[in-house]
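Scroll down for the structure; my scribbles are underneath it.
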Amino acid sequence: MCTPYANPPVLAGDDEEEFPYDVEDDVWGTVEPLDDYKPGGFHPIIFGDRLGANGRFRVVSKLGAGGYGTVWLCEDTLSPTLKWRAVKVMSAKVSKPDCAELRTLDAFHGIDRSTLETDFHLSVPLEHFWIDGPNGRHLALVFSLCAATAESIFTNYGQHRSLIKDLCFQLAKSLELMHSRGFCHGDFRPSNILFRLRDGIDSLPETELLQHMMPPRPVRVISIEDEKPVTRASAPSVPEFLIPCTSILYHSGLCAAQLAVTDFGVSYSPSNPPEQGSTGIPTRWAAPEERFGVRDLLSYPSDIWSLGCVIAWLAMGFTPFGHEEDGAWKDELSINMEKHLGPMPEPFRAKFREDHDQETPVEELGKTEAELEPVTEIAKKEWQRRREQEMAGQKSGGHSQFGRDLLKSTMVNSLRTVMTAVEVKQMSGQLLANSSQLPFSDLRQLNSKAWPVSDDKISVQLEEREIDQLSDLLMSIFKWQPKDRAPLQHVLNHPWFEGRNRNAAKVPPPVATSNKSVVGETSAWMKSFLNYRSAARLLPGGFS
């Protein structure tokens, strides 16, 4: 969710006015773009600020930032016992009474929080409030505090195969409940998946909690005109400091072996998918209908495709089709998908040709899907080579077997991690003693005086049985057409999960919602507020 800050240069002839603020030094870490602090944009926040009624939430550190807002570590000063919370402050332009984040609360009506968090691994708001600021009116969502994202799970825990399967199964269960309540997540990827904390960690003393977080280095915001630091008086729309994100680390010893799926900001009902035909999920995790913007096909199978990508990432440390960070853009992704899944069918084929200003060749007209050849030249050559091998009796099995063989060939190789043999042994012992706690390496704690020897890192070599099972699971998910993808029950009951679904919690039956939903109450409150402002303008001394 975080993106490196870069104030884009304004070229001669640009219609847009140059943003008048910058940072006085390099920013070490990931932050939101500074020019998102403008009317309709982000609310300016720095350490020590108080948020909510009577300044209830004291801002202590920064946990995240993305396209829709910023997330802050806050002390709930009104809690009878010390309680740490994550407060997400949305940008003004997306702060609406009927926003997707609030709609999820209605979707999960009647399900107690322990079931949501422990059995189905979801992180939904505990409560919400509104903030009036210089850039507009902002919705603030309060969450239970969690730790780091799932982005580096394989490199830290790849050797612990049972743990990896536990975590992947938890993610499948989260989608099971979401889909049972009639909505798709729409942005299912590791950066929106967090580790939960062990019981009691959200009540640690402040100094002890912060010892397990990399201290961020705030950088002063300055006015470009005079290069002087801004203040709230001189520039109320921007923060006085741009602050990098931090988190509670894997090896802090504070994490549970439990995940929490969060960020429902682009969730949608299959009956009303996004107008633009995509939620904006990065192509690395996006189903074909997402990548090519085929709105009518967006539905539950789109989430299941993303789940397959996440399972591959957690279980192997890579996604099968490449990704933009590797320099693999839309063409390369299409090539890799055709190599694994066979020729690109309609409607994606027409979209691909449209993107490349290509006409459909005459010889292709009237062909059935089974008669098509790959539309990308590299995949076409690969497929022709494969057919020659089949004709010579060296290979058999068609598209599906070819794709599975290709995936298995990458899984046979040793998969690199960052852990040493000594660390793996220590962490294996911790898992045996307490499987509910995320294992950690003493050497990787922030207060450690030693550090693992870099040339002692070990790799993961998957066993043949797991290669067969995992490749079968993934290839059952990765199908061009949404209707052909494995349903969630198939995924949950797949042999790779070793029977975990037999004793898993069952999806609770829907409960009739009350007349007063969260969205309804918020909408009514907003209407009342707007009526109050309108009336106040008519009074002496009213709003100007």
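The values are calculated or read from the model by the stated rules, or taken from the named source; none is laboratory data. Note that the coordinates shown come from a computational prediction; the quantities given were computed from them, not determined experimentally. Glycine also receives a Cβ, built like all others from the backbone with ideal geometry; neighbour counts cover every protein chain displayed. The protein model used for the area step is the full one, side chains on, heavy atoms only, and it has no ligands, DNA or RNA in it. Shrake-Rupley method; radii C 1.70, N 1.55, O 1.52, S 1.80 Å.
For each pair in Lys367/Lys483; Lys351/Lys380; Lys93/Lys351; Lys38/Lys96, compute the distance between the two Cα atoms and list the pairs where it is over 25 Å.
Lys93/Lys351
With the Cα gyration tensor of the stretch 136-288 in hand, give its eigenvalues times 5 under a square root as the equivalent ellipsoid semi-axes, listed largest first in whole angstrom.
So the three semi-axes of the stretch 136-288 are 32, 25, 15 Å.
What residues qualify as long-range amide H neighbours of Leu438, i.e. H under 5 Å apart, gap of 5 or more or another chain, H built at 1.01 Å from N?
Cys255, Ala256, Ala257
Which values, in whole Å and largest first, are the semi-axes of the equivalent ellipsoid of the stretch 342-384 obtained as the square root of 5 times each eigenvalue of the Cα gyration tensor?
Semi-axes, largest first: 15, 13, 10 Å.
Sorted from largest down, give the three principal axis spans of the alpha carbons of the stretch 125-207, whole angstrom values.
Computed over the Cα atoms, the extents are 49, 42, 23 Å.
Helix 161-180: angle to the longest alpha-carbon principal axis of the chain, degrees 0 to 90, nearest 10?
Its long axis makes an angle of about 70 degrees.
Taking every Cα atom in the chain, find the radius of gyration and the maximum pairwise distance Dmax, and write them in Å.
25.3, 92
Using only DSSP helix segments of four residues or longer, with each worth -39500 (n - 2.57), what per-residue ellipticity at 222 nm results for the chain after dividing by its residue count and rounding to 500?
My calculation for the chain gives -9000 deg cm²/dmol from helical runs alone.
Is there a pair in Lys425/Lys457; Lys339/Lys408; Lys62/Lys457; Lys62/Lys83; Lys62/Lys173 whose C-alpha atoms are over 20 Å apart, and which pairs would that be?
Among Lys425/Lys457; Lys339/Lys408; Lys62/Lys457; Lys62/Lys83; Lys62/Lys173, the Cα-Cα distance tops 20 Å for Lys62/Lys457; Lys62/Lys173.
If the chain between Glu24 and Gln437 were fully stretched, how many nm would it gain, using 0.36 nm times the residue separation less the Cα-Cα distance?
Going from the current span to full extension adds 144.5 nm.
Any idea what angle helix 377-391 forms with the longest principal axis of the chain, computed on alpha-carbon atoms, 0 to 90 degrees, nearest 10?
The angle comes out at about 30 degrees.
Quick one: P(r) of the stretch 12-167 from all Cα-Cα pairs, 5 Å bins, percents rounded to integers, in order of increasing distance.
Calculated over all Cα pairs of the stretch 12-167, the distribution is 2, 7, 14, 17, 17, 16, 11, 8, 5, 2, 1, 0 percent.
Computed FRET efficiency, Cβ-Cβ of Arg137 and Glu208, R0 35 Å: what is it to the nearest 0.05?
My answer for the efficiency is 0.45.
Just the accessible area per residue of the stretch 206-324, please: how many Å² with a 1.4 Å probe?
35
Find how many whole Å separate the alpha carbon centroid of the stretch 399-438 from the alpha carbon centroid of the stretch 138-203.
Measuring centre to centre over Cα atoms gives 19 Å.
Just to confirm the number: angle between the C-alpha axis of helix 398-412 and the first principal axis of the chain, 0 to 90 degrees, nearest 10?
Helix 398-412 sits at roughly 60 degrees to that axis.
If I stretch the segment between His356 and Met391 completely, what's the gain in nm (0.36 nm per residue apart, minus their alpha carbon distance), one decimal?
9.3 nm
How far apart, in nm, are the 7 Å Cα→Cβ label points at Arg161 and Asp49?
4.8
Give me the extension gain from Glu463 to Leu78: residue separation times 0.36 nm, minus the current Cα-Cα distance, reported in nm with one decimal.
Full-extension gain reported as 133.3 nm.
Compute the FRET efficiency between Leu446 and Glu275 as 1/(1 + (r/R0)^6), taking r as their Cβ-Cβ distance and R0 = 45 Å, and round to the nearest 0.05.
0.50
If one puts a single equal scatterer on every Cα of the stretch 247-305 and applies the Debye formula without solvent, what log₁₀ I(q)/I(0) results at q = 0.25, 0.29, 0.30 Å⁻¹?
-0.99, -1.28, -1.36
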